[in-house]
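Working notes, beginning with the structure itself.
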Amino acid sequence: MDLPKLAVASLGGTVSMQVKTVGAGVIPTVSGETLLASIPELKTLAQVSVETLGLLPSASLNFESLLSVLSWANLQIQYGAVGVVITQGTDTLEETATLLDYLWDHDAPLVLTGAMRSAAQAGADGPANLLDACRVALAPDSRRRGVQVVMNGQIHAAHAVRKTDSMALQAFSSPVVGPVGHLLEDSVRYLRPPTQRNILPVPQQTTHAIALLEASLSADSLLLENILKLGYDGLVIAGFGAGHVCASWTEAIEAIAQKIPVVIATRCGSGSTARSTYGFKGSEMDLVRRGASMAGFICPRKARILLWLLVGCQKQDDLGRYLHNL
Ligand code: ASP
């Protein structure tokens, strides 16, 4: 019997890192082929094709390069792959997963994974994560779930996952909803059925920029007041608590919201913005009156990606349809 086709690509990150010069720290040097050589059992599960699309720390990935990765992944599905796996750094994994999920228009799964420990460290988690990711990409139950992140034996939906620990092996979680599934004794077990997805067109332009500012105690408003002058096309504010800012920011936000979309998310790391609870100056009710939109459960970083995509395909007027979801 023919084994299913699986396409794997590597972009860099800790999973691809090794020591080149003793004492100089690990850097991305390991190719996709070498990564696959660490999981020989995959050969019994699939016909695997592999490409090294990049060797970057994930902080240096950008939207344009991810759109090229998306085109590559689309082609793999066209050529008959039942699923696609991409390895990358974990620092921006939640953002790349979100971007790709909004654009992934296939029933076949796209699975992202990485590692918290490089191959140079004892207990490196890269091979286990990669094998798990491949199992998820091959599983029939993974269809119609869009982009998922597989790390440390857990499967997370792209829209919910966040890196919530900087160095721990258990670095990823999905606040409020939890992981969507697990890997147990080599099998893929989902806890919930697939949900409705919001797919956006690929942006026609990529040169626009969305600013992200975080509210903080006793902050000045210098950056905020210069957002329009600096030429930004949208603004996301990581607000206090349920989506609040200080009173002294409100007039600037109102002026900005007349020109470009403004989204207020919560900086809390978990939970939603409110809609109709607080009425003080700078509260969610006040900010909505001034023309801002509340992000709901969408975290500030993901709200910025959503807004970038919507502006890029001239759909910013539909913003309200995409917010509040988890
Ligand atoms: N610490 C990161 C990682 O886990 C580095 C990166 O994101 O490239 O891969």
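Structure values in brief
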| read-out | value |
| --- | --- |
| Filter result for PRO179 (part of a loop (DSSP other than H, G, I, E, B) and touching a Lys or Arg at 6+ places or on another chain (Cβ under 8 Å)) | no |
| So SER38, is it away from the ligand (no atom under 11 Å from the Cβ), over 24 Å from the mean Cα position of the chain (by Cα) and at pLDDT 95 or above | yes |
| Qualifying positions in segment 99-118 - of a type in the set (A, V, I, L, M, F, W, C), farther than 12 Å from GLY13 by Cβ and either more than 13 Å from the chain's Cα centre (by Cα) or within 13 Å of the ligand (Cβ to nearest atom) (or both) | ALA108 |
| Considering residues of segment 52-75 that are under 13 Å from the mean Cα position of the chain (by Cα) and more than 10 Å from the ligand (Cβ to nearest atom) only, the residue farthest from THR29 (Cα to Cα) | PHE63 |
| SER38, sole failed condition from (1) touching a residue at least 40 places away in the same chain (Cβ under 8 Å); (2) more than 25 Å from GLU94 (Cβ to Cβ) | (2) |
| Search result, residues across segment 70-89 that are more than 17 Å from PRO4 (Cβ to Cβ) and surrounded by 23 or more Cβ atoms within 10 Å (Cβ to Cβ) | ILE86, THR87, GLN88, GLY89 |
| Residue count, segment 183-217 (criterion: more than 20 Å from the chain's Cα centre (by Cα) and either among the small types (Gly, Ala, Ser) or at positive phi (or both)) | 5 |
| Every residue from segment 228-263 that is polar (S, T, N, Q) and either buried (at least 22 other Cβ atoms within 10 Å of the Cβ) or more than 21 Å from ARG321 (Cα to Cα) (or both) | SER248, THR250 |
| Residue that is nearest to VAL15 (Cα to Cα), among those in segment 122-170 that are of a type in the set (Lys, Arg) and under 15 Å from the mean Cα position of the chain (by Cα) | LYS163 |
| Of the criteria (1) in contact with a Leu (Cβ under 9 Å, 6 or more places away or on another chain); (2) assigned to a helix (DSSP H, G or I); (3) more than 15 Å from the ligand (Cβ to nearest atom); (4) more than 24 Å from VAL180 (Cα to Cα), which one GLU33 fails | (1) |
| Selected residue [without any contact (Cβ under 8 Å) to a residue 12 or more places away in the chain, more than 20 Å from GLN88 (Cβ to Cβ) and part of a loop (DSSP other than H, G, I, E, B)] from SER166, SER216 | SER216 |
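Yes or no, residue by residue, for (1) modelled with pLDDT under 95; (2) among the hydroxyl-bearing types (Ser, Thr, Tyr); (3) touching a strand residue (DSSP E or B) at 6+ places or on another chain (Cβ under 6 Å):
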| position | (1), (2), (3) |
| --- | --- |
| ILE256 | no, no, yes |
| VAL262 | no, no, yes |
| GLY279 | no, no, no |
| ALA292 | no, no, yes |
| LEU307 | no, no, yes |
| LEU326 | yes, no, no |
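The values are calculated or read from the model by the stated rules, or taken from the named source; none is laboratory data. Remember, it's a predicted structure, so these values are computed and weren't measured experimentally. Reconstructed Cβ throughout: ideal geometry from the backbone, glycine too, with neighbour counts over all protein chains shown.
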